[in-house]
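> Sharing a structure with you now.
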């Protein structure tokens, strides 16, 4: 049954079930991806001189962690540059009515970059201080569970500087997001008032 809008009565969208052939193609695609993943993780015949499966998995895991650290450093540098631009350019511009809309969208969208940086840093800190089991548990908590688990791991290991860094990142993420929403509302009020 299509959903209808309250004002025009026109359907917003209609749901039509997929034909059986498309469902079979989709299922075979999923099975193929699952098979390739299984073969990659457990059936790789050998990786640069490794003799046992444990050594192979350790080398692959080490390679993945190296790449994640490199990506985290790149995202962190980009986030720091964006933070400086937000603080010294967009923050003063947001006080002018004509620039509010652009600044509001920028602050709101930029908070997602900071959020990704926070998430990636938290995932790496969780992996380093608590191990892969806690990282997997944090990923199963709606994906964002690595942030509170990283806080717990840093508290347990008395890593106060890292804990302070994560707390500041959380404040930046939510501060910029809330400020972006505030500017969106101010921009809408200004537009509605015709100023």
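A short reminder: the numbers here are calculations on the coordinates, not readings from a lab. Just so we're clear, the structure is a prediction, and the values are computed from it rather than from any experiment. Every residue, glycine among them, receives a Cβ derived from its backbone with ideal geometry; neighbour counts consider all protein chains shown.
> Quick check on the exposure proxy: order 64, 124 from fewest to most C-beta atoms within 10 angstrom.
Sorted ascending by nearby Cβ count, the order is 64, 124.
> Computed FRET efficiency, Cβ-Cβ of residue 84 and residue 62, R0 41 Å: what is it to the nearest 0.05?
0.75
> For 121, 191, which order do you get if you count the other beta carbons within 10 Å of each Cβ and list the fewest first?
So the ranking, lowest neighbour count to highest, is 191, 121.
> Could you line up 99, 142, 81 from fewest to most neighbouring Cβ atoms inside 10 Å?
The most exposed by this proxy come first: 142, 81, 99.
> Please state the shape class of segment 51-193: rounded when a/c is under 1.5, otherwise prolate if a/b exceeds b/c and oblate if not, all from the C-alpha gyration tensor.
prolate
> Tell me, what is the FRET efficiency for residue 157 and residue 71 to the nearest 0.05, using R0 = 25 angstrom and their Cβ-Cβ distance as r?
0.60
> Taking 0.36 nm per intervening residue step and subtracting the Cα-Cα distance, what contour gain separates residue 96 from residue 185 on full extension?
30.6 nm
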